[in-house]
Amino acid sequence: MKCKRCQVPAVVALPSHHAAFCRNCYLLFARRLVERAIKEHDMCTPEDNILVAISGGKDSLALSWQLRELGYKVTGLHIDLGIAGSSSVARAHTERFCAAHGIPLHVLEMASMGLSMDEVKRRIKRPICSVCGQTKRYFFNRFALENGFNVLATGHNLDDETSRLFANIMRWDVEYLSDQGPVMPAGNGFAKKIKPLFRMSEFETANLCFLAGIDYGYAPCPYSSKASFPVYKNLLADLEDIQPGRKIHFYDGFLKRGRAGFASRTQEEVRPCNACGYPTSAGECGVCRLKEMMRGKE
Ligand code: SF4
Ligand code: ZN
């Protein structure tokens with residue numbers, strides 16, 4: 001197997017791209033996928049002040065590294081979820097990575113706000129992943145807006161995006177379908193959100209970490225079996241094995257031909273939370289209600 005670009009022995013085969021690459025050409029290939037995503041969707045410029053949501057996993061570290069390599073101004077925000085056995089590993093990897101690459105890092109501790117996810121799981125009878133996801137989105141957005149960041153970047157990859165799209169289509173969830181895409185504009189209490197890795201699969205971001213020498217954390221969250229997207233990820237992975245390239249065609253097709261059919265409802269439905277002022281479709285936002293519930297059950 002030879003590198004498609006320079007013909008030396010290849011180290012990675014990518015059937016989806018009908019290609020194989022040596023280390024240097026793979027790094028160039030990954031760089032171009034991210035550059036293409038940014039350019040095609042007007043994600044960010046070198047003047048932007050970009051906050052990167054860093055979980056400590058391969059995608060968020062690969063994203064921070066690649067944005068930095070491309071010359072963007074990046075700062076990390078890590079949310080320590082307070083999940084025993086998993087959060088401390090993720091935080092340690094994040095702190096080590098940011099220190100090694102000179103990336104400024106902020107850490108928010110959910111436990112110090114009475115919202116450690118272990119406690120939430122113990123006390124609140126709601127699906128933990130939905131509470132956790134909502135809490136993370138809230139604090140990433142709020143931190144960006146309150147600290148002068150005009151772009152919030154997340155490490156969602158092609159597998160995340162296609163499995164979410166697949167799940168939303170299976171439910172014909174019009175509201176979520178209208179909001180799905182690699183860029184969400186700023187406004188109405190939301191920072192601009194971008195997903196520069198949306199053209200790269202999990203396998204490709206893992207390879208990027210490996211070949212760029214990025215040490216990413218892996219201590220699986222004990223609640224990860226409660227997440228629903230892995231089912232859809234596995235189905236799409238089987239399809240990709242039979243028909244390489246199917247995932248990116250599915251997603252690109254949605255962006256070009258499907259999404260316009262689902263008018264965005266976000267703008268007309270959200271209003272400021274009565275307690276914190278951040279956007280919600282109810283009187284009080286989910287995080288303010290969660291805080292109240294946690295206080296009430298002490
Ligand atoms: Fe949060 Fe669920 Fe992910 Fe664990 S698996 S970090 S609870 S969203
Ligand atoms: Zn609120």
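Tabulated data
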{"quantity": "Entries in Lys58/Lys193; Lys125/Lys256; Lys58/Lys121; Lys4/Lys256; Lys2/Lys256 that, when Cα-Cα distance is taken, lie over 31 Å", "calculated": "Lys125/Lys256; Lys2/Lys256"}
{"quantity": "Integer Hz, Karplus 6.51/-1.76/1.60 couplings in order for the range 246-251, x for Gly and Pro", "calculated": "5, 5, 5, 5, 4, 6"}
{"quantity": "R0 of 22 Å, Cβ-Cβ distance His41-Lys73: FRET efficiency to nearest 0.05", "calculated": "0.70"}
{"quantity": "J(HN,Hα) series, the range 97-113, from Karplus relation 6.51 cos²θ - 1.76 cosθ + 1.60, nearest Hz, glycine and proline x", "calculated": "4, 5, 5, 5, 9, x, 9, x, 9, 10, 10, 10, 9, 5, 4, 6, 9"}
{"quantity": "Net charge of neighbours whose Cβ lies under 13 Å from the Cβ of Ile50, counting Lys and Arg as +1 and Asp and Glu as -1", "calculated": "+3"}
{"quantity": "Length added when fully stretched, Ser224-Asn24, from 0.36 nm per residue minus Cα-Cα", "calculated": "68.6 nm"}
{"quantity": "Ranked packing of 78-91, 8-21, most packed first, by mean Cβ within 10 Å", "calculated": "78-91, 8-21"}
{"quantity": "Fraction of beta bridges assigned by DSSP in the chain that are antiparallel (%, nearest 5)", "calculated": "35"}
{"quantity": "By accessible area with a 1.4 Å probe, ligands and nucleic acids excluded, highest first: order of Tyr223, Tyr218", "calculated": "Tyr218, Tyr223"}
{"quantity": "The range 1-143, accessible surface, carbon-and-sulfur percent (1.4 angstrom probe)", "calculated": "53"}
{"quantity": "Heavy-atom accessible area ranking, 1.4 Å probe, most first, across His93, His156", "calculated": "His156, His93"}
{"quantity": "Cα long-axis angle, helix 58-69 against the chain (0 to 90 degrees, to the nearest 10)", "calculated": "70"}
{"quantity": "Förster radius 35 Å - calculated FRET efficiency between Asp215 and Lys256, Cβ distance, rounded to 0.05", "calculated": "0.40"}
{"quantity": "Fully extended contour minus Cα-Cα distance, from Ala92 to Asn188, at 0.36 nm per residue", "calculated": "31.1 nm"}
{"quantity": "Cα-based radius of gyration of the chain once divided by 2.2 N^0.38 Å, which approximates compact folds", "calculated": "1.01"}
{"quantity": "Computed [θ] at 222 nm, helices only, for the chain once each DSSP H run of length n ≥ 4 contributes -39500 (n - 2.57)", "calculated": "-14000 deg cm²/dmol"}
{"quantity": "Sulfur and carbon atoms: percent of accessible area, the range 147-298 [1.4 Å]", "calculated": "55"}
{"quantity": "The range 199-262, accessible area per residue, ligands and nucleic acids excluded (1.4 Å, Å²)", "calculated": "59"}
{"quantity": "Ranking by accessible area, most exposed first, for Arg257, Arg68 with a 1.4 Å probe", "calculated": "Arg257, Arg68"}
{"quantity": "Extension gain, His106 back to Leu239 (0.36 nm per residue minus Cα-Cα distance, nm)", "calculated": "43.9 nm"}
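The values are calculated or read from the model by the stated rules, or taken from the named source; none is laboratory data. Predicted, not measured: the structure shown is a model, and the values here were computed from it. Methodologically, a virtual Cβ is constructed for each residue, glycine included, from the backbone with ideal geometry; neighbour enumeration extends over all protein chains shown. The accessibility values were calculated without ligands, DNA or RNA, using every heavy atom of the protein model including side chains. Shrake-Rupley method; radii C 1.70, N 1.55, O 1.52, S 1.80 Å.
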